[in-house]
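Below is one structure, written out as structure tokens; comments come after it.
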Amino acid sequence: MGPGSAAEFSATRMLSADILRAAMQARLFFDGSEIAPAAFEDAVLRAAGGFERLGIGEGDVVCLMLRNDPALLEGIFGARRLGAYTCPVNWHFKADEAGWILRDSGAKVLIVQSDLLKQIEGGIPQGVSVIEADAPKWRAWLEMQPRHAGAERTARYSMPYTSGTTGRPKGIRRFAPSPAETERAAGALGDNVRRVYGLESGVRALLPAPMYHSAPNMYAMQAVLLGATLYLESRFNAERTLHLIEKEQITHAYLVPTMFSRMLKLPDEVKRRYDLSSMEFVITMGSPCAPEVKRAMIDWWGPVIHESYAASELGLVTFISAAEALARPGSAGRPIPGVRLKILDPEGRELPPRTTGLIYARQAAYTDFTYNNNDGARKQLERDGLWTLGDMGWLDEDGYLYLSDRAVDMVISGGANIYPAEIEAALIVMPGVADCAVFGIPDAEFGESLAAAIQPQPGFALSQENVKAWLTERIANYKVPRLVVFHDQLPREDSGKIFKRKLRAPYWEKAGRSI
């Protein structure tokens, strides 16, 4: 496609105010049931009208704590019509976790499913308008709202929260584009869409990944804006995915490595049962896909499995096709157009090929951002106009990126970013815990899982079961370590800091990899 292509035009629309008109070209299916375009349009306009009655205007924040559901897309497009930010909240969160995001974001409205409301009620700040979004309640609320008749305002981006080493998530508030930035970014963003997601008008795209993650959220938005047919699933099921591909002649999909692993584990007779020949393009991101998993998927589905290195702050950075991945196993690909990428040492000097350093990048398709209420943390990421999130890697002579390690403690399990500091903060106040360290260990299904090393206080008898029970009451279940190991003394550096590298090394050496 050249200038004026559907993808490039879509990029311009995404950054402009013409959101609803673009979205109305899409067909949307949820768990097999179609939502008519007219019904979707009516819901978006009524959501916008309702939000406006609740005081939402340009630059305000609407939080959405929902499983994959039509209400999630309707709420997003309704808020964007008013020029408001939408802030997805992980639906696994408990009261303290969700409450922090609601307070820090300054959210005026929270859309939440009723059963999830029960687990966070104690954390909702006063003054936040709560809309319950179970299907009957959400539809009843919409019917009471006026259809928004005003002009669409400058579209804001999503404002996802990403954790940091302090354990408290930080909101990524990207600045609204100026008219000049809108035009300048359109070409780069359009190239991203067609190169990395493979999306364009007329494709049949499947999304079973949770939309509280940035990448699935963006995938759904782009599919709708392009006028694609989007099959949104409430949850992933390995055999149902194969069934949908055959039944609906799915051409495109967003799937994460954990989903690949689960499908590969299906019995051979189940895998042979379905015709997958309609598949043209699968994008995976969120966590590195192990070379052996990717090769097995390509052997099964053909050369349609592609991968990107991306981050909420950085946007889409690299891309590698199936053919390239077979030739360069383990690579995350080369920078896509509009991206500047460098490998730097701690002093900021650019490193030669095959030398590991910090990954710095900048994506021209996105405006600058700040961390909400924490601009100092944002400034710490930058060097010479590029940003780093602490990932370590190296480039080969042809510019292909390889991830090797992380400078920070973040663990990516099943595509979810988990920061051990948050878990350690909950664990250290448990009676009987003298000290603790949480870190990632290899996991065949999720890429990584969590392990906790605990030094008990003298005289206390702790068990793996009561440690997990303590944490389950305080943090999302997926953050609770699968493995709990007790130590008489935890290894420490001369500074007194726990030597996490010594704790995690035996697990990774056994697995034969480091990330």
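The values are calculated or read from the model by the stated rules, or taken from the named source; none is laboratory data. Since the model is a prediction, treat every value here as computed from it, not as a measurement. Every residue, glycine as well, gets a Cβ built from its backbone with ideal geometry; the counts of neighbours run over all protein chains shown. Accessible surface areas use protein heavy atoms only, side chains included; no ligands, DNA or RNA. Shrake-Rupley method; radii C 1.70, N 1.55, O 1.52, S 1.80 Å.
Being within 21 Å of Gly171 (Cα to Cα), assigned to a loop (DSSP other than H, G, I, E, B) and at pLDDT 95 or above: is that true of Gly78 here? Walk me through how you get there before you give the answer.
Values: within 21 Å of Gly171 (Cα to Cα): yes; assigned to a loop (DSSP other than H, G, I, E, B): no; at pLDDT 95 or above: yes.
No; evaluated as a whole, the condition is false for this residue.
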note = Condition set within 16 Å of Tyr400 (Cβ to Cβ) and among the polar types (S, T, N, Q), scope the range 345-378, selection surrounded by the most Cβ atoms within 10 Å (Cβ to Cβ): answer is Thr356
task = Can you work out which of the residues in the range 400-411 that are open to solvent by 20 Å² or more (accessible area, probe 1.4 Å) and either modelled with pLDDT of 85 or more or basic (Lys, Arg) (or both) is nearest to Gly440 (Cα to Cα)?
result = Arg406
remark   = Here, strands (runs of 3 or more DSSP E) confined to the range 1-66 with at least 1 residues that are open to solvent by 30 Å² or more (accessible area, probe 1.4 Å) and at pLDDT 90 or above are 27-30, 33-35
request  = Find all pairs meeting these conditions: Cβ atoms under 8 angstrom apart; at least six residues apart or on different chains; first residue within the range 100-124 and farther than 23 Å from Ala135 by Cβ; second residue among the β-branched types (Val, Ile, Thr) and crowded, with 19+ Cβ neighbours inside 10 Å.
outcome  = Ile101/Val89; Leu102/Val89; Leu102/Ile124; Ser105/Val61; Gly106/Val61; Lys108/Ile56; Lys108/Val61; Lys108/Val62
ask   = Does Pro288 satisfy the criteria of being open to solvent by 10 Å² or more (accessible area, probe 1.4 Å), in contact with a Ser or Thr (Cβ under 8 Å, 6 or more places away or on another chain) and assigned to a loop (DSSP other than H, G, I, E, B)?
value = no
query = Since Thr251 meets every condition but one in (1) open to solvent by 30 Å² or more (accessible area, probe 1.4 Å); (2) farther than 21 Å from Pro70 by Cα, which condition does it not meet?
reply = (1)
ask   = Does Glu200 qualify as being among the acidic types (Asp, Glu) and at pLDDT 95 or above?
value = no
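Here is a check on your reading of the model: is Ile441 touching a Cys at 6+ places or on another chain (Cβ under 7 Å), open to solvent by 10 Å² or more (accessible area, probe 1.4 Å) and of a type in the set (A, V, I, L, M, F, W, C)?
Values: touching a Cys at 6+ places or on another chain (Cβ under 7 Å): no; open to solvent by 10 Å² or more (accessible area, probe 1.4 Å): yes; of a type in the set (A, V, I, L, M, F, W, C): yes.
No: the conditions fail for Ile441.
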remark   = Contact list, first residue from the range 298-315 and in a helix (DSSP H, G or I), second anywhere and of a type outside the set (A, V, I, L, M, F, W, C) and surrounded by fewer than 21 Cβ atoms within 10 Å (Cβ to Cβ), beta-carbon distance below 9 Å, six or more apart or interchain, is Trp300/Lys271
note = When Gly385 is run through (1) small (Gly, Ala, Ser); (2) surrounded by 17 or more Cβ atoms within 10 Å (Cβ to Cβ); (3) closer than 23 Å to Asn192 by Cα, the failure sits at (2)
